[in-house]
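Notes follow once the structure below has been shown.
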Amino acid sequence: DQQVKQNSPSLSVQEGRISILNCDYTNSMFDYFLWYKKYPAEGPTFLISISSIKDKNEDGRFTVFLNKSAKHLSLHIVPSQPGDSAVYFCAASFAGGTSYGKLTFGQGTILTVHP
Amino acid sequence: EAGVAQSPRYKIIEKRQSVAFWCNPISGHATLYWYQQILGQGPKLLIQFQNNGVVDDSQLPKDRFSAERLKGVDSTLKIQPAKLEDSAVYLCASSFYPTGEETQYFGPGTRLLVL
């Protein structure tokens, strides 16, 4: 049961352009959504998150949009830089209950930013 | 501040052998997680500890996997006996609180290859 899905295995963009990474989920009870970035041979690092009560959160070049009716979120990177090339994971979590703190990850999207 | 430490970084074993991984979380973090990341997939939670108690081990294959967190600090994950499908990266993460919005900090992972 894949509750969090990233349907695009890879994305290639030109430096300076916008990168848009997408994520879909099936469980409407998720309270938080997070994006993690992973470089080869390193663990994932937290990038940005959004609460289910919001529809947008911005942090510098990174913006996450949440569309609850469509159970869809996206990560926008503007402008894209070569150092952004990495695997991006979408994840979801619950605020409480027996599963609090547990992250459910998507499969990841490999972003390549060309100079 | 030191990050999450894991060892070994790489391990190659034959099927039916046993193996153990070690994790030292960020100082003061009460919650510790072990994830399994199979190639091409997102990390999957195996077990979550709160101090030295187990919060969630619903996805841990208990017939062959075991984990402990004595004294609520370091943790060890063991596989005995290993199967070919256990080949994956094993990630340890920690957080201060187990809430859904709390950032989890990941270690570099242990890459296991079972031959």
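A short reminder: the numbers here are calculations on the coordinates, not readings from a lab. Since we're looking at a predicted model, the values are computed, not measured. As a convention, Cβ positions derive from the backbone with ideal geometry for all residues, glycine included, and neighbour counts pool all protein chains shown.
Which one, B:G28, B:G42, B:G53, has the greatest fluctuation when you compute a Gaussian network model over chain B with C-alpha springs under 10 angstrom?
Checking each option, the largest mean-square fluctuation is seen for B:G42.
Any chance you could tell me what percent of the C-alpha pair distances in chain B go past 17 Å?
When every Cα pair of chain B is considered, 50 percent fall beyond 17 Å.
Quickly work out the B:T103-to-A:N57 label distance, labels modelled 7 Å from Cα along the C-beta direction, and quote it in nm with one decimal.
Once both label points are built, they end up 1.1 nm from each other.
Relative contact order for the range B:9-115: what is it in percent, counting Cα pairs under 8 Å that are at least 6 residues apart?
In percent, rounded to a whole number, it is 37.
With no solvent and one point per C-alpha, what does the Debye sum give as log10 I(q)/I(0) for the range A:45-90 at q = 0.33 Å⁻¹?
For the range A:45-90 at q = 0.33 Å⁻¹, log10 I(q)/I(0) is -1.36.
Provide Rg and Dmax in Å for the range B:55-115, with only Cα atoms included in the calculation.
13.2, 39
Taking θ = phi - 60°, what integer Hz values does the Karplus form 6.51 cos²θ - 1.76 cosθ + 1.60 yield along the range B:76-93, in sequence order, with x for Gly and Pro?
Result, rounded to whole Hz: 10, 10, 10, 10, 7, x, 7, 10, 4, 6, 7, 4, 5, 9, 9, 9, 10, 9.
Which residues does the label zone of A:S28 cover in the range A:40-61, counting backbone N under 18 Å from a point 7 Å along Cα→Cβ?
Only A:52-55 fall inside the zone, counting backbone N under 18 Å.
Taking beta carbons within 10 Å but only from partner chains, what does the mean come to for residues A:101-110?
So the per-residue partner count for this stretch is 6.
Got the relative contact order for the range A:3-80 handy, in percent, Cα pairs under 8 Å and 6 or more residues apart?
Contact order relative to length: 34 percent.
So which of A:K5/B:K11; A:K5/A:K38; A:K37/B:K83; A:K68/A:K102; A:K102/B:K15 end up more than 27 Å apart, counting from Cα to Cα?
A:K5/B:K11; A:K37/B:K83; A:K102/B:K15
When the expected Rg is taken as 2.2 N^0.38 Å, what fraction or multiple of it is the alpha-carbon Rg of the range B:2-62?
Working it through for the range B:2-62, the quotient is 1.25.
How big is chain A by Rg and Dmax over its Cα atoms, in Å?
Rg, Dmax (Cα atoms, Å): 13.7, 46.
Hey, what D do you get for the protein assembly as shown in µm²/s if you plug the Kirkwood alpha-carbon radius into Stokes-Einstein at 25 °C and 0.890 mPa s? Could you put the intermediate results ahead of the total?
Values: Rh = 18.1 Å.
Approximately 136 µm²/s, per Stokes-Einstein.
If the elastic network links every pair of Cα atoms under 10 Å, which of A:S51, A:S69, A:S19 fluctuates the most in the Gaussian network model of chain A?
A:S69
Cα centroids of the range B:1-43 and the range A:4-78: how far apart, whole angstrom?
The two parts, judged by their Cα centres, are 25 Å apart.
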